[in-house]
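A short worksheet on the structure shown next.
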Amino acid sequence: MATIRPFKCVRPNEKVADRVAALPYDVYNRKEAKEEVKKEPLSFLKIDRAETQFDDDVDTYDPRVYAKAKEIFEFEVEKGLYEEIDEAYYYIYELTMDGRKQTGIVATASIDDYLNNKIKKHENTRADKEIDRINHVDVMSAQTGPIFLAYRENTTINEEINKTKEKAPLYDFTSHDGIRHTVWVIDDKDSIKTIKDEFDKINEIYIADGHHRCASAVKVGLKRREAHPNYTGSEEFNYFLSVLFQDNQLMIMDYNRVVKDLNGLTSEEFINKLSTMFDIEEEKGEFKPKRKATFGMYLDKKWYKLTAKLDIVSDHPVDGLDVSVLQNNVLGPILGIQDPKTDKRIDFVGGIRGLKELERRCHNDMKVAFAMFPTSIDELFRVADAKLLMPPKSTWFEPKLRSGLFIHRIEK
């Protein structure tokens with residue numbers, strides 16, 4: 001049973017929601033974030049990344065940065081840019097990209113379900129990356145970036161979603177990147193009860209994206225429990241902001257690899273080594289894999305199709321992933337990249353950028369690129385169910401959830 005609750009949302013005024021909505025905080029570096037906030041002063045990014053309000057000599061993680069985030073937020077609430085909703089509701093958040101709709105339920109999930117592995121993980125988190133969001137959530141006493149969760153299709157929840165979508169939306173706008181964002185409020189008491197009861201029957205929910213934000217929210221909740229030893233479990237700090245999507249709603253894109261050099265090999269030597277494990281065909285143009293165990297490779301201004309030979313293909317939940325096949329047979333043993341998380345010779349390119357970006361990188365600062373077939377949501381579920389971890393940069397989800405549309409206060 002998973003506890004997925006409606007919540008009292010702090011949400012932007014309908015007139016400014018399109019200007020407030022911002023891509024996740026970690027999409028930008030500091031310079032890009034400053035430029036974005038300068039371009040759109042109402043962007044929630046100025047709260048998510050409050051260092052944009054300081055000169056560059058103020059450290060990104062300076063305590064003043066988090067205090068400034070809270071100051072701006074509370075000022076804008078007082079000014080009426082955000083509304084505090086007194087009733088606990090669910091919300092429907094639909095994102096439309098290139099005509100394809102992805103519809104989720106905005107709610108709060110239990111930190112105990114995370115700790116007990118009812119909300120399942122497929123990535124490790126790094127303490128240094130958690131600290132920033134721990135400080136942000138703790139100082140603001142609010143969660144501002146929803147965690148992207150997934151669950152298997154549920155007909156009853158679908159019916160409630162479709163029923164609510166017959167009403168007028170709360171928000172309906174298209175962001176600068178062409179993504180349409182539509183939000184409805186689920187305020188009918190019977191619908192709220194039905195959805196809550198259905199989630200109570202679901203045993204497995206999965207983190208699709210946002211492992212660090214989730215871990216940070218959980219750690220703030222545990223910190224608040226220590227500060228309130230008589231807590232009952234109903235306090236808002238026991239829950240974290242989420243958007244939950246059914247598995248058939250989700251699209252995972254390819255997460256491609258580019259490598260700086262061939263580890264001392266000539267191109268001919270490299271291809272010879274590859275040929276012991278892959279069938280190699282030169283292509284006339286760019287090659288995007290259409291099925292598992294096939295890879296595109298761009299080297300010396302030529303595209304190749306690599307097809308893994310059967311002896312390197314596995315049914316293991318992790319070793320059978322295409323990203324693992326490439327890492328275990330090419331990146332590690334041939335190119336000498338043993339830890340892709342820390343090795344500076346490798347970089348990762350989200351599929352949203354297209355294959356031309358792989359060519360561009362190889363013409364500039366990289367030697368060889370690998371185009372991947374996307375990891376599937378079923379593969380993600382298999383890894384999480386087995387309590388295993390995916391290699392880094394295995395999944396790229398699009399479209400990205402916006403921050404600032406739904407805010408969950410945790411001190412009330």
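Students often forget the sequence filter, so: which aspartates and glutamates lie under 13 Å Cα-Cα from Lys400 once same-chain residues fewer than 8 apart are removed?
Asp26, Glu94, Asp177, Asp209
What does the charge add up to near Ala217, with Lys and Arg as +1, Asp and Glu as -1, over the other residues with Cβ less than 12 Å from its Cβ?
That sum, taken over residues with Cβ under 12 Å, equals +2.
Stretch Asn364-Arg100 to full length: gain in nm at 0.36 nm per residue minus the Cα-Cα span?
91.7 nm
Given 0.36 nm per residue, what is the gain on full extension from His228 to Ala168 after removing their alpha carbon distance, in nm?
Roughly 17.5 nm would be gained on extension.
Sorted by average packing, counted as other Cβ atoms within 10 angstrom per residue and highest first, what order do 266-278, 183-195 take?
183-195, 266-278
Scaled to the compact-protein estimate 2.2 N^0.38 Å, what is the alpha-carbon radius of gyration of the chain, rounded to two decimal places?
Output field value: 1.04.
Kindly provide the helix-only [θ] at 222 nm of the chain, computed as the sum of -39,500 (n - 2.57) over DSSP H runs of four or more divided by all residues, to the nearest 500 deg cm²/dmol? Mind showing how you got there, number by number?
On the way: 13 runs with 125 residues, N = 412.
Result for the chain: -9000 deg cm²/dmol, rounded to the nearest 500.
Looking only at Val27, Val65, Val220, which one moves most when the chain is put into a Gaussian network model with springs between Cα atoms under 10 Å?
Result: Val27 has the largest fluctuation of those listed.
Please work out the ratio of the alpha-carbon Rg of the range 255-373 to 2.2 N^0.38 Å and round it to two decimals.
Numbers: Rg = 13.0 Å, N = 119, 2.2 N^0.38 = 13.5 Å.
Here the answer is 0.96, to two decimals.
Given 10 °C and 1.306 mPa s, compute D for the range 50-91 with the Stokes-Einstein relation, Rh being the Kirkwood radius over Cα pairs; round to the nearest whole µm²/s.
The calculation lands on 131 µm²/s.
Could you tally the net charge around Glu166, taking each other residue with its Cβ under 12 Å from the Cβ of Glu166, Lys/Arg +1 and Asp/Glu -1?
Counting the neighbours of Glu166, the net charge comes to 0.
Points 7 angstrom from Cα along the Cβ direction at Asn203 and His316: gap in nanometres?
2.6 nm
Quick one: Phe173, Phe370, fewest Cβ neighbours within 10 Å first, how do they rank? Mind dumping the intermediate values first?
On the way: Phe173 15, Phe370 25.
The fewest-first ordering by Cβ neighbours comes to Phe173, Phe370.
Once you sort the root eigenvalues of the Cα gyration tensor of the range 339-412 as a ≥ b ≥ c, which label holds: rounded (a/c under 1.5), prolate (a/b larger than b/c) or oblate (the other case)?
Note, shape of the range 339-412 comes out prolate.
In whole angstrom, note down how far apart the Cα centers of the range 306-325 and the range 359-401 are.
Computed from Cα coordinates, the inter-centre distance equals 14 Å.
Helix by helix through the chain, keep the DSSP H runs that span 20 Å or more along the axis on Cα and average at least -1.0 on Kyte-Doolittle, and give those back in order.
63-79, 211-227
Using packing as a proxy for protection, rank 229-236, 113-120 so that the peptide with the highest average count of other Cβ atoms within 10 Å comes first.
In decreasing order of mean packing, 229-236, 113-120 become 113-120, 229-236.
With 28 Å as the limit, write out which pairs from Lys305/Lys341; Lys260/Lys393; Lys79/Lys101; Lys70/Lys165; Lys68/Lys189 have Cα-Cα distances beyond it, or answer none.
Correct reply: Lys79/Lys101; Lys70/Lys165; Lys68/Lys189.
Under the Karplus relation 6.51 cos²θ - 1.76 cosθ + 1.60, θ = phi - 60°, what is the ordered set of whole-Hz ³J(HN,Hα) values for the range 169-176, x standing for Gly and Pro?
Values, residue by residue: x, 6, 10, 7, 8, 10, 7, 4 Hz.
Efficiency by 1/(1 + (r/R0)^6): what FRET value for Asp86 and Asp339, r their Cβ-Cβ distance, R0 = 41 Å, to the nearest 0.05?
0.25
Can you pull the one-decimal nm distance between simple spin-label points at Asp59 and Lys288, each 7 Å off the Cα toward Cβ?
4.4 nm
How far apart, in nm, are two points set 7 Å out from the Cα along the Cα-to-Cβ line at Ala67 and at Lys39?
Using points 7 Å along Cα→Cβ, the separation is 3.2 nm.
What ranking do 88-100, 299-311 get when scored by the average of other Cβ atoms within 10 Å per residue, highest first? Please report the intermediate quantities before stating the final value.
Numbers: 88-100: 17.5, 299-311: 14.8.
Averaged packing, sorted descending, gives the order 88-100, 299-311.
Can you check what the net charge comes to around Tyr239, using other residues whose Cβ is under 10 Å from the Cβ of Tyr239 (Lys, Arg +1; Asp, Glu -1)?
-3
Computed from the coordinates by the stated procedures, all read-outs in this text should not be read as laboratory data. Predicted, not measured: the structure shown is a model, and the values here were computed from it. Note that each Cβ is placed from the backbone with ideal geometry, even for glycine, and that neighbours are counted across all protein chains shown.
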